[in-house]
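Read through the structure below, which is laid out as structure tokens, and then see the notes.
The values are calculated or read from the model by the stated rules, or taken from the named source; none is laboratory data. None of the values given here were measured: they were computed from a predicted structure. Note that we place each Cβ from the backbone using ideal geometry, even for glycine, and neighbour counts take in every protein chain shown.
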Amino acid sequence: MSLRTPRSRALGLGASHHGVGHFIVERASGLLMIPLGLWGVWSALTLAGRDYLDAADWIAHPVNAVLLALLLIAALVHAKNAMQVVIEDYVTRFTSKAALLLLNVSVCVLAGALGLFAILKAALTGAF
Amino acid sequence: MSDAAKIPPRPLSPHLQVWRWHITMACSILHRASIFALYLSALLVAGWALALAAGLGAYQGYMAVLGSPLGLLVLFGLTAMLLFNLAYNVRQTFWDLGRGFNPKTADATGLLCIAVGLIGAVLVWGAAFSMGAFG
């Protein structure tokens, strides 16, 4: 017979206390996405129909390179957290859920690393 | 007669197949869909930077795929979904402040989010057209 009270046992179960942090990051990244997303749409408009050299000139401007990097990171953080919730909501089998959660993080981290490197390379070394 | 037979039917959880269609429900589903659109958009932005960094040939190939009929259709859908998602973030922020839960207000803000997505996408693509993006 255990001498632990029901309350003491319940405290160790259930949520793993990451909920508030997840919620705040999701809200903050969502708000950050509003100005950055609108800037991204505007930038896509100005670059649509232009050629490679125009795009290379555009990304060589420090403001564009930094804002594009911020947009990419904010979007990936927001999308990763949102997709995580979708997976947790609909996938109940533990192995499938764990595999999909790992895949979700991996895709976003890889896209962030490759994207940032590409932005820096294109911004700093120019068009060849 | 057993006791179980006397219990009236219990209310069902929210579910696509049993819920009556209404605007806030549609917004909730659209918001989930817009997450997938945002995900794909972020990957496309990373891909664009990679193509640009890789050089002229890669960039022209990437833009040819995006500029194909299917590519343009997908991009138009992503534009509408992204703008809907941004508007929905504003709606959720008001919810976080404890405002906008009145059913009439929730319906109106939901409709507004859908309008921002659709009308915004048409305006953006109209602007792209008039700025010579397709010529």
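Observations on the model:
- Among the residues making up region A:77-87, those that are at the interface with chain B (Cβ under 8 Å from one of its Cβ atoms), more than 17 Å from residue A:116 (Cα to Cα) and modelled with pLDDT of 95 or more are A:82, A:83.
- The set of residues in region B:80-121 being among the β-branched types (Val, Ile, Thr), out of contact with any Ser or Thr (no Cβ under 9 Å at 6 or more places or on another chain) and either within 17 Å of residue B:40 (Cβ to Cβ) or within 14 Å of chain A (Cβ to nearest Cβ) (or both) consists of B:93, B:116, B:119.
- Options A:74, A:69; residue that is at pLDDT 90 or above, under 22 Å from residue B:113 (Cα atoms), within 13 Å of chain B (Cβ to nearest Cβ) and surrounded by 12 or more Cβ atoms within 10 Å (Cβ to Cβ): A:74
- Here the condition is being touching a Ser or Thr at 6+ places or on another chain (Cβ under 8 Å) and within 19 Å of residue B:36 (Cβ to Cβ); of A:75, A:82, it holds for A:75 alone.
- Unique residue being of a type outside the set (D, E, K, R) and in contact with a His (Cβ under 9 Å, 6 or more places away or on another chain) when the list is B:38, B:97: B:38
Residues are listed down the side, and each one gets a yes or a no for (1) within 22 Å of residue B:127 (Cα to Cα); (2) within 14 Å of the chain's Cα centre (by Cα):
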residue: A:29; (1), (2): no, yes
residue: A:32; (1), (2): no, yes
residue: A:40; (1), (2): yes, no
residue: A:49; (1), (2): yes, no
residue: A:58; (1), (2): yes, no
residue: A:61; (1), (2): no, no
residue: A:69; (1), (2): no, yes
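- Candidate set from region A:107-128 (those that are within 14 Å of residue A:57 (Cβ to Cβ) and of a type in the set (A, V, I, L, M)); member that is nearest to the other protein chains (Cβ to nearest Cβ): A:122
- Single residue of A:22, A:17 found to be on the phi > 0 side of the Ramachandran plot and either more than 9 Å from chain B (Cβ to nearest Cβ) or surrounded by fewer than 14 Cβ atoms within 10 Å (Cβ to Cβ) (or both): A:17
- Test: residue in region B:52-65 that is under 19 Å from residue A:79 (Cβ atoms) and not β-branched (Val, Ile, Thr): no
- Residue ID - surrounded by the fewest Cβ atoms within 10 Å (Cβ to Cβ), chosen from residues in region A:77-112 that are of a type in the set (S, T, N, Q) and in a helix (DSSP H, G or I): A:95
- Number of the condition not met by residue A:50 [criteria: (1) part of a helix (DSSP H, G or I); (2) out of contact with any Cys (no Cβ under 6 Å at 6 or more places or on another chain); (3) charged (D, E, K, R)]: (1)
Results for (1) more than 23 Å from residue A:71 (Cα to Cα); (2) in contact with a Phe, Trp or Tyr (Cβ under 8 Å, 6 or more places away or on another chain); (3) of a type in the set (Gly, Ala, Ser), shown as yes or no for each residue.
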site	(1), (2), (3)
B:44	no, no, no
B:64	yes, no, yes
B:77	no, no, yes
B:87	no, no, yes
B:95	yes, yes, no
B:104	yes, no, no
B:126	yes, no, yes
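- On the stretch given as region B:35-79, residues that are of a type in the set (Ser, Thr, Tyr) and more than 9 Å from every other protein chain (Cβ to nearest Cβ) total 2.
- Residue count for region B:69-85 under the criterion of being under 25 Å from residue A:57 (Cβ atoms) and of a type in the set (S, T, N, Q): the result is 1.
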